[in-house]
Amino acid sequence: MVTGQALGQDWQPAPLSEVAALFSKTAAPWWIAGGHAIELATGRSFREHHDIDVLVLRRDQLAVQEVLAGWQWWAADPPGNLRPWRPGELLPVGVHDVWCRPTASAPWRIQVMLDEAEGDDWVSRRDRHVRCGLADLGAVSAAGIPYLRPEVQLYYKAKQPRPRDVVDFAAVLPILDAGQRAWLVQSIGSTYGPHPWIEQLGE
């Protein structure tokens, strides 16, 4: 994930309602991700957000250009250099972050993350053994907004937890059911090995 400022511009994340309205125009599946997904799962807001993330499958990536027509899209090439994403260009595996803003002088508003899929399965870009059915990847909020299920989001956050990731984990832990906890324990252990969250998930 690209961090800090880029191209001399700060972030001014678009409101959740605006993002949902924009992406509702596509038939491709999409999910609110990041800290906003955790808050949608808990049904409450509990911290500030410095960006807003939308998850889209790599195979549907051009739907982002259609939804955000007229915007600027910048792909984050590893190890994090931003460069323009050309219209119609298919971003390869390894490029999984796109920063979007309405104009060249505007702050960044939306970050799109591209994830992998095989048939009807979502496949983690960090560990191909970690996967789940696409039908189980997300949930829908009371307001009709699709979001990434908390156990999947926590799996990503578990790599190198930042203070805000620890806050998110603590906030959503009480509502995880046994199946979600078991999946997360298995997935974290498979990808990262011993991890402090595993013991807490078993309590």
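Along the stretch 138-152, what does the Karplus equation 6.51 cos²θ - 1.76 cosθ + 1.60 (θ = phi - 60°) give for ³J(HN,Hα), rounded to whole Hz, x for Gly and Pro?
x, 9, 10, 6, 4, 8, x, 9, x, 9, 5, 4, x, 5, 6
Please sort by residue number the GluC sites (Glu not before Pro) in the stretch 79-160 whose DSSP state is loop and whose Cβ has at most 15 other Cβ atoms within 10 Å.
Filter output for the stretch 79-160: GLU89.
If the elastic network links every pair of Cα atoms under 10 Å, which of ALA171, ALA104, ALA27 fluctuates the most in the Gaussian network model of the chain?
Most flexible of the set in this elastic network: ALA27.
About the Cα centre, and with charges only on the beta carbon of Lys, Arg (+1) and Asp, Glu (-1), how big is the dipole of the chain? Nearest 20 debye, please.
300 debye
Mind giving me the FRET efficiency for PHE46 and ASP120? R0 is 25 Å, r the Cβ-Cβ distance, nearest 0.05 is fine.
Using R0 = 25 Å, I get an efficiency of 0.15.
Output needed: percent of Cα pairs per 5 Å distance bin for the stretch 23-133, bins running from 0 to the one holding the longest distance.
Going from the shortest bin to the longest, the percentages are 2, 11, 20, 24, 21, 14, 7, 2, 0.
Please give the calculated 222 nm ellipticity per residue for the chain, where each DSSP H segment of at least 4 residues contributes -39500 (n - 2.57) and the sum is spread over every residue; nearest 500 deg cm²/dmol?
Helix contribution divided over all residues of the chain: -9000 deg cm²/dmol.
Please go through the stretch 8-64 and write out the trypsin sites (Lys or Arg not before Pro) that DSSP classes as loop and that have at most 14 other C-beta atoms within 10 Å.
LYS25, ARG44, ARG47
In square angstrom, what is the accessible area per residue of the stretch 127-180 with a 1.4 angstrom probe?
It amounts to 48 Å² per residue over the stretch 127-180.
Compute the acute angle (0 to 90°) between the alpha-carbon long axis of helix 178-192 and the principal axis of greatest extent of the alpha-carbon atoms of the chain; round to the nearest 10°.
It works out to around 70 degrees.
Leaving out ligands and nucleic acids, and using a 1.4 Å probe, what accessible area per residue does the stretch 27-77 come to in Å²?
Heavy-atom SASA per residue in the stretch 27-77 reads 39 Å².
Which is farthest toward the positive dipole end of the stretch 88-169 among PRO163, LEU148, GLY133, measuring Cα position about the Cα centre, with Cβ charges +1 (Lys, Arg) and -1 (Asp, Glu)?
PRO163
In nm, what is the difference between 0.36 nm times the number of residues separating ALA69 and GLN12 and their Cα-Cα distance?
This chain segment gains 18.6 nm when fully extended.
Give or take rounding to whole Å, what are the principal axis extents of the alpha carbon atoms in the chain, in descending order?
Ordered largest first, the chain gives principal extents of 49, 35, 32 Å.
How much of the accessible area of the chain, probe 1.4 Å, is carbon plus sulfur, in whole percent?
Carbon-and-sulfur percentage of accessible area, whole number: 54.
Suppose a student asked you for the relative contact order of the chain, using Cα pairs under 8 Å spaced at least 6 residues apart; what percent would you report?
So the answer I get is 21 percent.
Quick one: dipole size for the stretch 33-119, taken about the Cα centre, charges +1 on Lys/Arg Cβ and -1 on Asp/Glu Cβ, in debye to the nearest 20.
For this selection, approximately 260 debye.
Report the FRET efficiency, 1/(1 + (r/R0)^6), for VAL93 and ALA182, where r is their Cβ-Cβ distance and R0 is 25 Å, rounded to 0.05.
So the FRET efficiency works out to roughly 0.30.
Please work out the ratio of the alpha-carbon Rg of the stretch 94-203 to 2.2 N^0.38 Å and round it to two decimals.
1.17
The values are calculated or read from the model by the stated rules, or taken from the named source; none is laboratory data. Predicted, not measured: the structure shown is a model, and the values here were computed from it. With ideal geometry, Cβ positions are generated from the backbone for all residues, glycine too; neighbour counts draw on all protein chains shown. Surface accessibility is based on the protein's heavy atoms, side chains included, excluding ligands, DNA and RNA. Shrake-Rupley method; radii C 1.70, N 1.55, O 1.52, S 1.80 Å.
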